[in-house]
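Structure, as structure tokens:
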Amino acid sequence: MRVWTSTTMRVCLASALSGAVVLSAAGCSPALHPLAAVYVDQEGTAHALLRPCDDDGRVHAPRLRGSVVRAADEATSDGAQDTAPEASPAEEPWTGWDTRGLHEGADFPLFEPPAGWAAEVRGPQTLQPGYSYELAFSDPHDDHAYNGSVTFDPGQLAGVPAGEVLTLQGTMTRRAFEDLARKVC
């Protein structure tokens with residue numbers, strides 16, 4: 001018969017708990033796929049391009065959020081150091097749009113989501129200098145297997161060559177993006 005000491009029991013319990021934490025953390029995060037892209041058309045209008053993995057062509061809760069990019073040691077206009085506490089994500093002001101529910105994957109002007117999406121709109125509906133943007137959506141199913149996302153700022157978008165799109169994996173042709181979107185699904 002084996003005798004369990006308190007040290008042996010603590011080591012076994014710590015190992016079991018560590019394994020459970022690692023396994024639960026690995027299973028909770030949806031995969032981030034290059035299924036969202038942005039580009040500028042021939043007329044100079046920024047566009048959003050969403051490609052879902054869903055067989056019905058749907059995305060869940062597409063959104064565009066822009067927020068001010070501030071350096072941690074940024075000074076205020078009078079030269080003093082800004083010591084204001086950082087806002088929580090819920091309090092942080094943002095610009096762009098946000099939707100709920102399921103919608104068709106689409107290609108549309110970045111600040112003009114399809115009318116049927118009933119988007120909540122905030123702030124100026126143009127690219128703002130000093131802002132960073134994220135165009136994103138979620139898996140339309142309850143399993144939350146993936147998300148589609150691309151982050152960018154106005155300078156990055158302006159630098160995208162004609163006929164190309166900016167994605168999670170960088171700049172590529174639209175055809176390469178469409179092929180990649182099919183492959184990751």
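For the pair residue 126 and residue 169, a Förster radius of 30 Å applied to the C-beta separation gives a FRET efficiency near 0.70, rounded to the nearest 0.05. Full extension of the segment from residue 162 to residue 56, taken as 0.36 nm per residue of separation minus the current Cα-Cα distance, would add 35.1 nm. In the assembled protein chains, residue 164 presents an accessible area of approximately 50 Å² (probe radius 1.4 Å).
Of the residues 160, 125, 113, the one whose Cα sits farthest toward the positive end of the charge dipole of segment 98-185, with +1 on the Cβ of Lys and Arg and -1 on the Cβ of Asp and Glu, is 160. You can think of it this way: the chain between residue 98 and residue 151 has 17.5 nm of extra reach, that is 0.36 nm per residue less the Cα-Cα gap. Between residue 32 and residue 69, the contour length at 0.36 nm per residue exceeds the alpha carbon distance by 11.1 nm.
The values are calculated or read from the model by the stated rules, or taken from the named source; none is laboratory data. Worth saying up front: this structure is predicted, and the values here are computed from it rather than measured. Because the Cβ atoms are built from the backbone with ideal geometry, glycine has one as well, and the counts that use them run over all protein chains shown. Side chains included, ligands, DNA and RNA excluded: accessible areas come from the protein's heavy atoms. Shrake-Rupley method; radii C 1.70, N 1.55, O 1.52, S 1.80 Å.
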